[in-house]
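For reference, the structure discussed in these notes is given below.
The values are calculated or read from the model by the stated rules, or taken from the named source; none is laboratory data. If you're wondering where the values come from, they're calculated on a predicted model, not measured in any experiment. Counting neighbours? That spans all protein chains shown, and the Cβs are built from the backbone with ideal geometry, glycine included. With ligands, DNA and RNA removed, areas are computed over all heavy atoms of the protein, side chains included. Shrake-Rupley method; radii C 1.70, N 1.55, O 1.52, S 1.80 Å.
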Amino acid sequence: MTTLRIGLLGTGPWARRVHAPALAAHPGVEFTGVWGRRAEAAAALAQVHRTRPYESPDELFEACDAVAIALPPSVQAALALRAAGAGCHLLLDKPVATAVPEARALVVAADRAGIASVVFFTARFGAQEGEWIAAQAAAGGWFTAHADWLGSVFADDSSSPYADSPWRREKGGLWDVGPHALSVLLPVLGDAETVTATRGPADAVLLTMRHSSGAASSATLGLTAPAAASGVGITLRGTAGITSLPRRQEGPEVAYRHAVDALLAAVETGLPNACDLHFGLRVTEILAAAEESLPPLVPDRR
């Protein structure tokens, strides 16, 4: 297969900024078309990238070899299940779902259909971050790790295009940025054998894990940090000393292009990518366990 026909499901800010431009520009892809929950938005996005809108997901599936999805997790899971049933390879956003049964059903469907899958964890597909993660996993000997993954999407001074996202408002930083932190910590430290979580201010969650390597890790996750306090940092400490995740030098569009490359390779070789649906399921299981361990919300009496 010299080119892969890929259709896009979703028309929101992330689809417009990252998915659609990358698919339209990729030399190994025929950007087949767009479906969205708002027909007018699908038509507008398709026009920008010189492709066509589709009236239903199933019509798009029939015209494609693969689909990329840029939709809320609950919507993504149901549509990805239908796409897998239609034999389409899958390029998904994180988290693949926010309910473990939905994620497991998707894995079963993909395995049964024999399709390739890639889940877009931005750090894993960034050139510098990906190289650093691989190097630290090879080095081993890590004792502890800490991650800060703090956005200001819902801060009072926010100008984020995602501030109107209902699913982020409902699920908070644990589910939105938690997958990013796990995508870095798990390949370096091993699977999470124990998981606990506690609440911080606003939507912030402090996640703690014991890993199969014996290392312990913690992560502070949130979407309501003041803009001046937002940012990403991961530090590892072990026998090799102290090292930190390098600062990203490129936009998410470049990382997404690498994710498309990964899907093309998985389709061509038949070999699963490390960030496939099985890994996406494991991330969902860990986040669900963390959510279950959280204490009940205390009403704000101020």
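When the Cα positions of Cys64, Leu245, Gly231 are compared along the charge dipole of the chain, Gly231 comes out farthest toward the positive end, with charges on each C-beta of Lys, Arg, Asp and Glu.
Considering only DSSP beta bridges whose two residues both sit in the chain, what percent are antiparallel, to the nearest 5? That works out to approximately 50 percent antiparallel. The order of Ile69, Ile115 by accessible area, most exposed first and with a 1.4 Å probe, is Ile115, Ile69. Taking Cα atoms only, the orientation of helix 277-293 departs from the longest principal axis of the chain by about 40 degrees. Relative to the dominant Cα principal axis of the chain, helix 73-85 is inclined by about 50°. Helix content alone sets the calculated 222 nm mean residue ellipticity of the chain: runs of n ≥ 4 DSSP H residues at -39500 (n - 2.57) each, divided across all residues, give -12500 deg cm²/dmol. Checking the a/c ratio against 1.5 first, then a/b against b/c, what shape does the Cα gyration tensor give for the range 47-106? It is prolate, given that a/c is not under 1.5 and a/b is the larger ratio.
Quick one: accessible area per residue over the chain, 1.4 Å probe, rounded to a whole number of Å²? Please report the intermediate quantities before stating the final value.
Details: 13680 Å² over 302 residues.
About 45 Å² of surface per residue is accessible.
Only Cα pairs under 8 Å and 6+ residues apart enter the sum, and on that basis the relative contact order of the range 186-243 stands at 24 percent. Helix 166-176 and the long axis of the chain differ in direction by around 50°, with both axes built from C-alpha atoms.
Treating only the Cβ of Lys, Arg, Asp and Glu as charged (+1, +1, -1, -1), what charge dipole size does the range 172-302 show about its Cα centre? Round to the nearest 20 debye.
Working: 9 positive and 13 negative charges, 114 e Å.
In debye, rounded to 20, the range 172-302 gives about 540.
Filter the GluC sites (Glu not before Pro) in the range 40-84 to those in DSSP coil with at most 13 other Cβ atoms within 10 Å of their Cβ, and list the result. Passing sites in the range 40-84 are Glu55.
On average over all directions, what projected area in square nanometres does the range 1-104 have, based on the convex hull of its Cα atoms?
Values: hull surface 24.3 nm².
That works out to 6.1 nm².
Here the Karplus relation 6.51 cos²θ - 1.76 cosθ + 1.60, evaluated at θ = phi - 60°, turns the backbone of the range 263-275 into coupling constants of 5, 4, 5, 5, 5, 5, 8, x, 8, x, 7, 4, 9 Hz, with x for every Gly and Pro. Taken as Cα centroids, the range 277-299 and the range 106-141 sit 20 Å apart, rounded to the nearest whole angstrom. Rounded to the nearest whole Hz, the Karplus-based 3J(HN,Hα) values (6.51 cos²θ - 1.76 cosθ + 1.60, θ = phi - 60°) of the range 102-111 follow the sequence 5, 5, 5, 4, 5, 4, 4, 5, 5, 5, with x at glycine and proline. A Cα-only calculation for the range 232-281 places Rg and Dmax at 15.0, 39 Å.
Near Gly238, the amide H atoms lying under 5 Å from its own belong to Phe143; only residues 5 or more places off or on other chains count, and H is placed 1.01 Å from N. Anyone know which of Ala42, Ala228, Ala215 comes out most mobile in the 10 Å Cα GNM of the chain? The residue that fluctuates most here is Ala228.
Please state the relative contact order of the chain as a whole percent: Cα pairs under 8 Å, 6+ residues apart? Over the chain, the number comes to 21 percent.
At 0.36 nm per residue, minus the direct Cα-Cα distance, what do Leu297 and Ala43 gain on full extension? Give it in nm, one decimal, please. Don't jump to the answer; show the numbers that get you there.
Values: separation 254, 0.36 × 254 = 91.44 nm, distance 4.18 nm.
Full extension of this stretch gives 87.3 nm more.
The 3J(HN,Hα) values that the Karplus relation (6.51, -1.76, 1.60; θ = phi - 60°) gives for the range 203-217 are, in residue order, 8, 5, 10, 9, 9, 10, 9, 10, 9, 4, 6, x, 6, 10, 9 Hz. Gly and Pro appear as x. The Rg/Rh ratio of the chain, with Rg taken over Cα atoms and Rh as the Kirkwood radius over Cα pairs, comes to 0.96. If only the Cβ of Lys and Arg carry +1 and only the Cβ of Asp and Glu carry -1, the dipole of the chain around its Cα centre is close to 340 debye.
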